Amino acid sequence: MWVGWIEFDVRLGDVHSLKEKRSIVRPIVNELRRRFSVSAAETDSLDLYRRAGIGGSLVSIDRAHVVEVLDEVERWMAERPEVEILQAHRHIGSSSDDEGEQDELPFA
């Protein structure tokens, strides 16, 4: 069994309150769940209104499927005009693997 997760550190545009932040982050999280069938949540910078951590994870018996879904999530997030991706981290591992693979994906 394979598990994969990806987490994005994003900067939000012209946002001046946590309420405005939620109006941007919540639809992104919901769309990640709906479109890619991943578990998704806001994961970091909960008290900052112009930054957010958004993550998703999935489990599959096929490593290639995990890689494909994480690639699609990454492409989809990069297309979001309402967020600027500052950094992304990805991890793929198996239930029999203590180490797994980790990638830090730089965004310019």
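Laboratory data are not the source of any read-out in this text; all were calculated from the coordinates shown. None of the values given here were measured: they were computed from a predicted structure. Ideal geometry is used to build each Cβ from the backbone, glycine not excepted, and the neighbour counts take in all protein chains shown.
Numbers at a glance
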read-out: Chain lengthening between residue 94 and residue 43 when straightened (0.36 nm per residue, less Cα-Cα); value: 16.1 nm
read-out: Inter-site label distance for residue 72 and residue 16 at 7 Å from Cα along Cβ, in nm; value: 3.9
read-out: Fewest-first ranking of 3, 59, using other Cβ atoms within 10 Å as the exposure measure; value: 59, 3
read-out: Taking the chain and dividing mean pair separation by its residue count, relative contact order in percent (alpha carbons under 8 Å, at least six apart); value: 38
read-out: Alpha-carbon gyration tensor eigenvalues x 5, square-rooted, for the chain, Å; value: 26, 13, 12
read-out: Local electrostatic count, residue 65, Cβ distance below 14 Å [Lys/Arg +1, Asp/Glu -1]; value: -3
read-out: Pair residue 33, residue 51: separation of 7 Å Cα→Cβ label points (nm); value: 2.6
